[in-house]
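Before any comments, here is the structure.
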Amino acid sequence: MIQFGDSVLNLGDPMVLVAIVAFGVLVLVVVMLIMVLKRAGEAARMTAPMVQQMNVLGQTVRGLSDGQQQLAGGLTHVSEAQTNTQTQMMQAMEQRLAAVQHQLQENLHANAMKSARSLAEMQEKMNETLQGSAVKTTQSLTQLQERLQTIDKAQANIEKLSGNVLSLQDILSNKQTRGAFGEIQLNDIVSKALPRDSYTLQATLSNGKRADCLIHLPNPPGPIVIDSKFPLEAYEALRRADTQWEVTEAAKMLRTSVKKHISDISSKYLIEGETADGALMFLPSEAVYAELHANFPELVREGFDKRVWIVSPTTCMATLNTMRAILKDARMREQAGAIRKELSLLHADVERLGTRVGNLDRHFGQAAKDIEDIKISAEKAGKRANRLDNFDFEELAADTAPASVVPLSSDK
């Protein structure tokens, strides 16, 4: 039973149950209607864009139809324009072909004229070339004749040079002239390698012997002698030897000659206290020098034992360059005292310069300090003048008046 105020409903009554069921069905129907309406509103909202799209699609279809019509009209216009263009092109091509044909005829005529002129010019050039060739041939023959004359002069010079070579052989075959030849070559090498005041040519020693060249080296080693020797006869005999006996005899003669030269130099030019304890034997021939070192090493060793060093033009130049370095070093040592004195004076000048720079720096510092003080004083004076210019004298009098005036007492 259900009681509503004064009314009481009996659930066991069929009518009540039917009424309740009908009410529930009514409520359910109302709820379902509300839901259907809600779903319809949502469906309408969802279909609105589709409707708009359909409208746009319809407008697009109409636009395509209009475009198709315009395209058909355009194609018709293009077809007409193409027909007109083809007609114009055919006319233009016909005109162009006519012009080209006319131009071709003119070009052919011009080429024919040009070919005729070219043939004429070529004929003239050929005539000129033939004439020029004849002239050049004549000139060439003249130059050939001149060159033949030059060759004849060269032949004469060669013959003269051959005579000079024979004269050189004559000179070398004579001992005195051969010695003079070696001395001249030695003088040339020494003059190119050393200063003029560092050597003496044909110097006479205390024993009365005269050396070809005396190099004035400092002690040690002291002045060193260079003497020129040229054992040409023995060397030429060795070169001309065909049999073993001739080779042996020529080698014996070369050993004897070189040993004699080494002994002479060692006995004549090694003077204790006057010259160095060694001397140089100058061979003016590289071939003789090479032969001694290649096949006669005992002669070189004997020269070492007697302190006589054998040199060729090449090794002599190298030795003289070494001597030049020694002379330069000795002269530098001689000047060492003067250099040391100049360095001492330079050191004093540098110290004096440092002192003066320090004094100048102090003066600059004092001047800077004085300028700073002057600037401070000027700023103070400016500030005081500014205050004086801005003074209000009445306020100043009021500010400076005493609080109470003490009257002067009269004398009784």
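The values are calculated or read from the model by the stated rules, or taken from the named source; none is laboratory data. What you see is a predicted model, and the numbers here were worked out from it, not measured in a lab. Here the Cβ is made from the backbone with ideal geometry for all residues, glycine too, and neighbour counts use every protein chain on show.
Just one of 301, 324 is in the same structural domain as residue 222 (by TED's automatic domain parsing) and free of Cβ contacts under 8 Å to residues at least 60 places away in the same chain; which is it?
Values: 324 fails: free of Cβ contacts under 8 Å to residues at least 60 places away in the same chain.
Just one listed residue meets the conditions, 301.
Take the conditions (1) touching a Pro at 6+ places or on another chain (Cβ under 7 Å); (2) at positive phi; residue 277 misses just one of them, which is (2). Which of the residues belonging to segment 233-260 are crowded, with 18+ Cβ neighbours inside 10 Å and either in contact (Cβ under 8 Å) with a residue 40 or more places away in the chain or not assigned by TED's automatic domain parsing to the domain that holds residue 285 (or both)? Hits for segment 233-260 are 235, 238, 254, 258.
In the condition set (1) under 19 Å from residue 288 (Cα atoms); (2) outside any loop (DSSP other than H, G, I, E, B); (3) modelled with pLDDT under 80, residue 163 is compliant with all but (1). Pairs are defined by a Cβ separation below 6 Å, a sequence spacing of at least 6 or placement on different chains, a first member in segment 183-204 that is in the same structural domain as residue 284 (by TED's automatic domain parsing), and a second member that is of a type in the set (Val, Ile, Thr); the pairs so defined are 199/190; 199/215.
Determine, yes or no, whether residue 219 is assigned by TED's automatic domain parsing to the domain that holds residue 325, modelled with pLDDT under 85 and over 21 Å from residue 184 (Cβ atoms). Spelling it out, residue 219 is indeed assigned by TED's automatic domain parsing to the domain that holds residue 325, modelled with pLDDT under 85 and over 21 Å from residue 184 (Cβ atoms). Selection of segment 310-353 for residues being β-branched (Val, Ile, Thr) and part of a helix (DSSP H, G or I) yields 314, 315, 319, 322, 326, 339, 350. If the condition is being in contact with a helix residue (DSSP H, G or I) (Cβ under 8 Å, 6 or more places away or on another chain) and surrounded by fewer than 19 Cβ atoms within 10 Å (Cβ to Cβ), then segment 203-231 contributes 205, 207, 209, 216, 217, 218. Looking at segment 304-327, can you tell me whether even one residue there is in contact with a His (Cβ under 7 Å, 6 or more places away or on another chain) and surrounded by fewer than 19 Cβ atoms within 10 Å (Cβ to Cβ)? No, because not a single residue in segment 304-327 is in contact with a His (Cβ under 7 Å, 6 or more places away or on another chain) and surrounded by fewer than 19 Cβ atoms within 10 Å (Cβ to Cβ). In segment 166-213, of all residues being more than 17 Å from residue 288 (Cα to Cα) and hydroxyl-bearing (Ser, Thr, Tyr), the one that is modelled with the lowest pLDDT corresponds to 167.
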